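The values are calculated or read from the model by the stated rules, or taken from the named source; none is laboratory data. If you're wondering where the values come from, they're calculated on a predicted model, not measured in any experiment. Here the Cβ is made from the backbone with ideal geometry for all residues, glycine too, and neighbour counts use every protein chain on show.
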Amino acid sequence: MYAATGNSAPAPWGYRHSRLCAGVRVAAGTWNVVIACILVSHGHAWGSILFVTAALIFVAAYALFRRSSEFRRNGQR
C-alpha cells in the first residue's frame, strides 16, 4: 500500500507515549520511596535498597520526560 521508508521499524509504545510512561514511573518511584520509608522505620535495613531503585526509576522518568519535551519543542510528535 505504502512504500517502505528507510526507518520503517515502529517505535515501541513507551517511546510513543513518553509523557504517560514518565508519569507512571514517577508514581512507581514514589511508591518505592513510601515502602522504603516504612521498611526502614520498622528496622528492616534492606529497605534502603528500595531508595536506590527509586532513584533509578526517577532518573529514567526524567530522561523520558526530557526526551518528550525535546520532541515537542522541535515540532515532532
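(1) surrounded by fewer than 13 Cβ atoms within 10 Å (Cβ to Cβ); (2) out of contact with any Gly (no Cβ under 9 Å at 6 or more places or on another chain): which one isn't true of Gly47, the others all being true?
(1)
This table checks each residue for (1) of a type in the set (Lys, Arg); (2) in a helix (DSSP H, G or I); (3) at pLDDT 90 or above.
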residue: Asn7; (1), (2), (3): no, no, no
residue: Trp31; (1), (2), (3): no, yes, yes
residue: Ala36; (1), (2), (3): no, yes, yes
residue: Trp46; (1), (2), (3): no, yes, yes
residue: Ala55; (1), (2), (3): no, yes, yes
residue: Phe65; (1), (2), (3): no, yes, no
residue: Ser68; (1), (2), (3): no, yes, no
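(1) surrounded by 12 or more Cβ atoms within 10 Å (Cβ to Cβ); (2) modelled with pLDDT under 90: which one isn't true of Gln76, the others all being true?
Here Gln76 clears every test but (1).
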